[in-house]
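Colleague: Mind looking over this structure? Questions follow.
The values are calculated or read from the model by the stated rules, or taken from the named source; none is laboratory data. Quick caveat, the model's predicted, so the values are computed rather than measured. Here the Cβ positions follow ideal geometry from the backbone for every residue, glycine too, while neighbour counts run over all protein chains shown. Keep in mind that these areas ignore ligands, DNA and RNA; they rest on the heavy atoms of the full protein, side chains included. Shrake-Rupley method; radii C 1.70, N 1.55, O 1.52, S 1.80 Å.
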Amino acid sequence: MATAHRLTDVLIEQTKILKELQQTLQDEQKAIAALNTQVMEALNSQKEQLIQRQRLMTETLHGVLSATAVQYGLASSSTLSEVIEKMPLSIRGQVEPLQQAARQAGLEVSVLANQNRGMLERFLGVVNDSLGFILRILNTSNTYGVRGTYLSNAQSGAVMVSKEA
C-alpha cells in the first residue's frame with residue numbers, strides 16, 4: 001500500500017510541474033506576440049528547468065509504477081492503467097483522477113508547445129524575409145563591365161553577419 005500512496009504523491013507532483021510548464025508556455029505566447037525577446041529568453045530558461053524537473057519526475061514515476069505493479073502481482077513494465085485496474089477501489093478512486101489530471105495537463109502542454117513553435121516559426125520567417133530584403137538592397141550595385149558598358153544587375157559583396165552567430 002505504501003507504494004500506491006507514493007504513486008499518488010508522484011502523480012500530484014508530475015501534474016504540478018506540467019501546470020507550471022503550461023503557465024510558462026502561455027506567458028511565452030504573450031512574449032512572442034509582443035516580440036519581447038528578453039522575456040522570451042528568460043522564459044526559455046525557465047522552460048528548460050521545468051522540463052528537466054519533469055524528466056526527473058517521469059523517471060521517479062516509472063520506478064514507483066514498476067514497484068507498485070509488482071506489489072499487485074503485475075509485470076514491472078505494466079502501464080498505469082493496468083496497475084489502477086488491480087488497485088482496491090479506495091485507492092483507485094484517488095489515483096484515477098490524478099492520472100486524468102496528468103494526462104490532461106500533458107495534452108494542454110503539447111498543444112501550447114505546438115502553437116508556440118508555429119508562432120516562432122512565423123516570427124523567424126518574417127525576420128528572415130526582412131533580412132533578405134535588406135541584403136537585396138545592399139547587394140544591388142550599378143557597375144561597368146569589361147567593355148565599359150553599364151551593368152545594372154551586377155552584385156557587390158555586401159554581407160550581413162549576426163554578432164550572435
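Colleague: Can you tell me how many residues in the range 9-18 are in contact (Cβ under 8 Å) with a residue 60 or more places away in the chain and surrounded by 17 or more Cβ atoms within 10 Å (Cβ to Cβ)?
Modeller: So the answer is 4.
Colleague: Those residues that are surrounded by fewer than 10 Cβ atoms within 10 Å (Cβ to Cβ) and modelled with pLDDT of 60 or more, I need them from the range 133-162; list them, please.
Modeller: Within the range 133-162, ILE137, ARG147, THR149 meet the criteria.
Colleague: If you scan the range 21-54, which residues turn out to be under 30 Å from GLN94 (Cα atoms), open to solvent by 60 Å² or more (accessible area, probe 1.4 Å) and in contact (Cβ under 8 Å) with a residue 12 or more places away in the chain?
Modeller: GLN26, ILE51, ARG53
Colleague: I'd like to know if the range 54-64 contains one or more residues that are of a type in the set (Lys, Arg) and under 29 Å from the mean Cα position of the chain (by Cα).
Modeller: Yes; the residues of the range 54-64 include at least one that is of a type in the set (Lys, Arg) and under 29 Å from the mean Cα position of the chain (by Cα).
Colleague: Tell me which of these LEU21 doesn't satisfy, since it passes every other one: (1) in a helix (DSSP H, G or I); (2) hydrophobic (A, V, I, L, M, F, W, C); (3) outside the structural domain of ALA4 (by the TED database).
Modeller: (3)
Colleague: Determine which single condition ALA42 fails, assuming it passes every other condition in (1) over 30 Å from GLU121 (Cα atoms); (2) not assigned by the TED database to the domain that holds ARG122.
Modeller: Single failed check for ALA42: (1).
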